[in-house]
Structure formats: C-alpha cells, structure tokens
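Read the structure below first, then the notes.
Read the figures in this text as sums done on the coordinates, not as results from a lab. All figures in this text were calculated on a predicted structure; none of them were measured in a lab. So basically every Cβ, Gly included, is an ideal-geometry build from the backbone, and we count neighbours across all protein chains shown.
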Amino acid sequence: MPDPIFDFGGEIVWRPTPEIVAQSRLKQFMDQHGLATFDELLQRSTTDLDWFWNAVLHFLDIQFYEPYSPVVDLSQGIEWPQWCVGGVMNIVIRGGYDETSRFVHALKLPCQAVSLGGVESLVVHAAAMWRGTMNDEQMRVAGIAPNAVRLSVGVEGVDDLRADLAQALAKI
C-alpha cells in the first residue's frame, strides 16, 4: 500500500525499526536540537535555512579554515543558491608533498590557482607555492603542511566535483 504522505508510485520495501531509528544520526541531530518529530525537523529546515544548515555543518563537524558568511545567499534566486559564501576549507591528503602534488595535478575541474575567489572551482597546493621561497622548517613554523590542499568550490555540478575528487584521490 503506497504511503499516503509520500506517494512516489511504488511500495516502500523497508522501514527502520524503532531501535534503528533511536540509534540513527538523524535522531541524534533531532534530540540535540529539541525536535520531537520528523515533521518538526522538516518544518524548521525549510523555514529557517540559516539555522538548519549551520546546525548540520556543526553537527557533522565540518570545519572551515576561513569562515563563511552567510551559509546561503539566495540573492540571485532560489535556483542559484551560493553556499558557505567566502568560506575556505583545507583538505589534508594522506601522505606528504609528493602525494599531494599528484592529487592536485590529477584534478580536471578545479583550476590550480594562487587566488581563491572566482566562480569556477579552484585548487591550490600551498606547499608547492612556497617551496622556492621557504624551506621545510620555515613552512612548518608558518603552518604550511606539505599535504594541505585548499579548494574553493565554484558553480560546477556537485556530482562532477565529487567524481573528479575521487578520481584524483585514486591516483595517489
């Protein structure tokens, strides 16, 4: 029998048990924010985007090297949202300088860039930028890790970016 709330034309073949729901990350999130029902979560998440996405990023411990503000900018219309405006994240590659260099050079979508701030996705391997002017000890003191990558996400499709990151990681 189709679900009367969400009729997608097919039968729901599995529903979690109350025990599984009680142990889920979604339930943990809802409890942390005093949301007793899924309907409350749905209501709050669609009427207060700023609260919801900040709460999700905090709950998932997604950290930004440079903070974003605002979490979403809808000034160009709902169909063109800009997420985590101005935020910069560091990606740390398992390994060292050589592995990070292989990763950065294997990317196809983000352009290698010195300045992160256009509409296209950009990537920079900070240690490669400073290698000619600083030795390893100077970079360590300056907080420039040999395996840190800065990625500024632009307007490309999220699935395309994920696929590109995955193929580049597979090459190291």
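Given their separation in residues at 0.36 nm each and the Cα-Cα distance between them, Trp80 and Arg102 gain 4.6 nm when the chain is fully extended.
Here's how it looks for Gln112: its modeled amide H is under 5 Å from those of Val123, which are all 5 or more places away or on a different chain.
Sort out the exposed loop GluC sites (Glu not before Pro) in the chain (DSSP loop, at most 13 other Cβ within 10 Å) and tell me the longest stretch that has none. Kindly include the intermediate steps, with their values, before the conclusion.
Details: sites that count: Glu11, Glu79, Glu120.
Maximal segment without exposed cleavage sites: 12-78.
Net length available on complete extension from Leu60 to Thr47 is 2.6 nm, with 0.36 nm assigned per residue and the Cα-Cα distance removed.
Using C-alpha positions alone, give me the convex hull volume of the chain per residue in cubic angstrom. Before the final figure, lay out each step's value.
On the way: hull volume 31.6 nm³, N = 172.
Expressed per residue, the convex hull around the Cα atoms of the chain is 184 Å³.
Computed from the C-beta positions of Val141 and Gln28 and an R0 of 30 Å, the FRET efficiency is 0.15 to the nearest 0.05.
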